[in-house]
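See below for the structure under consideration.
The values are calculated or read from the model by the stated rules, or taken from the named source; none is laboratory data. Computed from a predicted model, the values in this text were never measured in an experiment. Cβ placement follows ideal geometry from the backbone for every residue including glycine, while neighbour counts extend to all protein chains displayed. All accessible areas refer to the heavy atoms of the entire protein, side chains included, with ligands and DNA or RNA removed. Shrake-Rupley method; radii C 1.70, N 1.55, O 1.52, S 1.80 Å.
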Amino acid sequence: MRRKGFLWLLAALLWLPAAGLRAQEAASGERRSDRLFRWLQQGRGDSLYAAADSTLRARTAPVLLGAMYRQLEAVGGSLRQAGPWSVQTAGALTVEERRLDFERTALTLRFVYDAAGRLAGFFALPAASVAPADTAGCVERDTVVVCGRVRLPATLCLPARRTGRVPLVVFVHGSGPNDRDETLGPNKLFRDMAHALARAGVASLRYDKRTYVYRGARFVEVSGRTDYDTETVDDAVAALALARTLPEAAPDSLYVVGHSLGAALAPRVAACAAVPPAGIVLLAAPARPFEESLGEQLRYIARLQGTEPSRADSTARSMTAALPPEYVAMARRYDAVATARALSLPILVVQGSHDYQVTAADFGRWWTALRDRPAVRFAWLPGLDHLMRPLPAMARPDDYARYVALSPDAVQAVLRFVRGR
């Protein structure tokens, strides 16, 4: 869950249906986007909440909306300059956006309005340029992962030079509405790892997450409920089944590579698959209850900001209370470590020492539970953060706003496991 992890992207990941904004603008003479931006800066979560429809109100709370701008400032520092609004139309939608230059980073604030003037989307996107893809040695083609009514655009990445069928990994995202590259700021963990694996002879399948393709009420409409299975597991199982049909993939060498929440759920994906994968890779896998991890992360951020840890605890309680009850119930019920221990297939657990979101405490739980299994391997990688990038010190939230290349050590750990070495 992104509320458990990349808190500074909360504004970027929230889909906010609303009503009546165009009428309010006409009455007051104030630009609708200026009004919402002012509410955002002032922490007026109640005002933003009042602009939301019943679907959003059931999934969030005023305290979360009111905290968004503080999270952006925690990453970027003080706002130095806000650029002019630009306006574009896309069919019935109107997009208004402006550049925000903070001390340490730049963001593009984007509001999307429907034909009736209601707020249909709200994003804070990194303005920093993304490192270009290194596709040397790779061949990519588009495909689709289908799970019932759900259709998820996907990319198959293949070694440019191959003879016969090759091993293939299916990437499973972390929390939040991730695209197929698992884009976070200028970083693209899945894209970069897919290309590196392809150059070494291993294919991959990555797809846009369901919460990325189907937002807000549409997600509930196609899913029926909101829990770990509808967010992640069902689609990963479908992607694994698709991989088994690909003529380029060796059916006995299919692996699941999960990151963050996707890593914690990789054991469940393997257990739910009609044909289990050859093995699973857990990159930065949480092992503790999500509320415990959430509280620890918020206390860490509070120390960085010089605020009282007690405020972090109350925020954690409010954030948990704002989640759908069925989501919280499954999150509390699901035991990633016990699920992994019930499997008989090979497992690789990869953890970086400079990851503040998933820490040595999580890695220790995996080690304690699985170290007696001969098919389980562990890779403790000094200096790597949550995105498997090398950093000189313990990661901070603002580190996600700058590009750092994926560590070759993380790639090699996955390659050795897939090759059985």
Non-local amide H neighbours of ALA106 (under 5 Å, H modeled in plane, Pro and chain starts lacking H): which ones?
ALA127, ALA128
Considering only protein heavy atoms, what per residue accessible area in square angstrom results for the chain with a 1.4 angstrom probe?
39
Length released on extending from ALA200 to VAL222, taking residue separation times 0.36 nm less the Cα-Cα span
4.1 nm
Portion, in percent, of the accessible area of segment 355-403 that falls on carbon or sulfur, probe 1.4 Å:
60
Taking Cα pairs closer than 8 Å and at least 6 residues apart, the relative contact order of the chain in percent is 15
Find how much the distance from TYR403 to ALA321 grows on full extension, using 0.36 nm per residue of separation minus their present alpha carbon separation; answer in nm with one decimal.
26.2 nm
For segment 117-262, rounded, prolate or oblate, judged on the Cα gyration tensor with a ≥ b ≥ c (square roots of eigenvalues), a/c < 1.5 rounded, else prolate if a/b > b/c?
oblate
DSSP loop GluC sites (Glu not before Pro) with at most 14 other Cβ within 10 Å: longest gap in the chain
104-421
Everything considered on the Cα gyration tensor (a ≥ b ≥ c; rounded for a/c under 1.5, else prolate if a/b is larger than b/c, else oblate), segment 280-390 must be described as oblate
Surface/4 of the Cα convex hull for the chain, nm²
19.7
With springs only between Cα atoms under 10 Å apart, run a GNM on the chain and tell me which of ARG317, ARG210, ARG396 wobbles the most.
ARG317
Using Cα pairs under 8 angstrom and six or more residues apart, how large is the relative contact order of segment 277-421, in percent?
26
For every helix of n ≥ 4 consecutive DSSP H residues, a contribution of -39,500 (n - 2.57) applies; sum these over the chain, divide by its total residues, and give [θ] at 222 nm rounded to the nearest 500 deg cm²/dmol.
-11000 deg cm²/dmol
Run the simple label-point estimate for ASP372 and ARG31 please: 7 Å along Cα→C-beta, distance reported in nm.
6.5
Label-point separation in nm, ALA338 to ARG99, each point 7 Å along Cα→Cβ
5.3
